[in-house]
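As structure tokens, the structure follows; a few thoughts come after it.
Readers should treat all values here as calculations from the given coordinates under stated rules, not as data from a laboratory. All of these numbers come straight from a predicted model, not from anything done at the bench. Cβ sites come from the backbone with ideal geometry, for glycine too, and all protein chains shown count toward neighbours.
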């Protein structure tokens with residue numbers, strides 16, 4: 001087994017993306033073009049002839065290079081075309097630690113470490129007809145949906161209006177989530193690329209006056225729909241417009257070979273909403289290494 005550390009400029013992008021395409025656990029976040037857009041820099045650990053890869057987004061501060069979790073990449077980690085044993089994974093992490101004294105990364109593999117923690121994600125398989133999917137929704141979801149149905153709401157595809165939705169997201173959520181203008185610009189560029197391939201889905205819910213109540217932006221990649229952005233206006237929250245919105249999403253994309261990836265969440269209110277779909281629990285993991293010199297180590301606790 002040949003394990004190599006490769007700098008970004010030396011990564012064979014074609015082989016890299018072929019690995020992600022054929023991976024047992026491929027995700028859009030690990031595609032080379034996506035990493036190029038959201039990461040300040042990224043290097044990689046590669047096994048053999050790109051049979052498995054580990055992207056390592058990094059920055060430099062005070063002359064020290066460190067691995068960080070990029071915004072709008074929920075999880076990275078190991079992407080493998082065949083099963084990789086724990087020993088190989090540990091070797092990869094040890095090699096990464098030789099290049100970076102500090103690592104914080106959300107990954108798709110459980111790693112035994114005192115600094116690790118389990119993070120929440122839910123997915124919902126849409127390869128069934130809508131009525132079958134509806135039967136698995138919780139009673140509380142159905143009750144909220146019935147209340148929302150009393151209001152005259154409208155569901156509309158507005159794929160090219162992603163700029164407007166991101167502007168609202170920036171106003172409502174960016175400061176709370178620590179999202180910077182640069183992060184949002186990167187995401188806009190990603191959305192533009194996906195839109196050109198008809199793989200960006202923006203769905204709005206409005207009232208009779210065309211006032212926006214709620215919106216969701218879904219990124220499509222292979223057979224997965226990523227719930228990357230969801231906003232709800234104050235009036236929409238009162239009318240429970242999000243229930244109407246996601247119910248219409250289920251109708252539109254049902255009976256297709258899609259998995260709806262809710263992208264979390266560990267936020268109690270958001271997690272409670274996603275649990276009402278009775279979706280499949282699919283955890284990911286926070287991995288941390290701090291081998292900084294003692295005189296600055298405390299800064300990164």
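Placing a pseudo-label 7 Å from each Cα along the Cα-to-Cβ vector at residue 281 and residue 168 gives an inter-label distance of 3.3 nm. Largest mean-square fluctuation among 64, 20, 111, in a Gaussian network model of the chain whose springs join Cα atoms under 10 Å apart, belongs to 64.
Given 0.36 nm per residue, what is the gain on full extension from residue 149 to residue 117 after removing their alpha carbon distance, in nm?
On the way: separation 32, 0.36 × 32 = 11.52 nm, distance 3.96 nm.
Fully extending the segment from residue 149 to residue 117 adds 7.6 nm.
Binning all Cα-Cα separations of segment 210-275 at 10 Å, short to long from zero, yields these whole-percent fractions: 19, 52, 26, 3.
With an 8 Å Cα cut-off and a minimum separation of 6 or more residues, compute the relative contact order for segment 122-281 in percent.
Numbers: 248 pairs, mean separation 61.8, N = 160.
The normalised contact order for segment 122-281 reaches 39 percent.
List the residues of segment 45-64 whose backbone N lies under 18 Å from a point placed 7 Å from the Cα of residue 2 along the Cα-to-Cβ direction. Those under the cut-off are 45-54.
All Cα-Cα separations within segment 122-281 were binned at 10 Å from zero, giving a P(r) of 10, 40, 40, 10, 0, each value a whole percent of the pairs.
Between the labelled values (1) 20.4, 63; (2) 33.2, 103; (3) 33.6, 109, the entry that holds Rg and Dmax of the Cα atoms in Å as derived from this structure is (1).
Report the calculated FRET efficiency for residue 59 and residue 256 (r = Cβ-Cβ distance, R0 = 30 Å), to the nearest 0.05. Numbers along the way, then the final one.
On the way: r = 39 Å, r/R0 = 1.29.
So, using R0 = 30 Å, E works out to roughly 0.20.
Add -39500 (n - 2.57) for each DSSP H run of 4 or more in the chain, then divide by its residues: what number comes out at 222 nm, to the nearest 500 deg cm²/dmol? The partial results should precede the final answer.
Details: 11 runs with 101 residues, N = 301.
That comes out to -9500 deg cm²/dmol.
Residue separation of residue 195 and residue 136 scaled by 0.36 nm, minus their Cα-Cα distance, works out to 18.1 nm of gained length. Using the Cβ-Cβ distance between residue 91 and residue 292 with R0 set to 30 Å, the FRET efficiency from 1/(1 + (r/R0)^6) comes to roughly 0.85. Helix 86-99: angle to the longest alpha-carbon principal axis of the chain, degrees 0 to 90, nearest 10? That works out to roughly 70 degrees.
In a fully extended conformation the segment linking residue 208 and residue 98 would gain 33.6 nm over its present Cα-Cα distance, using 0.36 nm per residue. According to the square roots a ≥ b ≥ c of the eigenvalues of the Cα gyration tensor, what is the shape class of segment 184-244, taking rounded for a/c under 1.5, prolate for a/b larger than b/c otherwise, and oblate for the remainder? It is prolate, given that a/c is not under 1.5 and a/b is the larger ratio.
In this simple spin-label approximation, residue 82 and residue 222 carry label points 7 Å from Cα along the Cα→Cβ vector, and these lie 1.8 nm apart.
Cα gyration tensor of segment 1-125, axes a ≥ b ≥ c as square roots of the eigenvalues: rounded (a/c below 1.5), prolate (a/b > b/c) or oblate? Don't skip to the end; give the middle numbers.
Values: a/c = 1.18, a/b = 1.09, b/c = 1.08.
It is rounded, given that a/c, with a ≥ b ≥ c, falls under 1.5.
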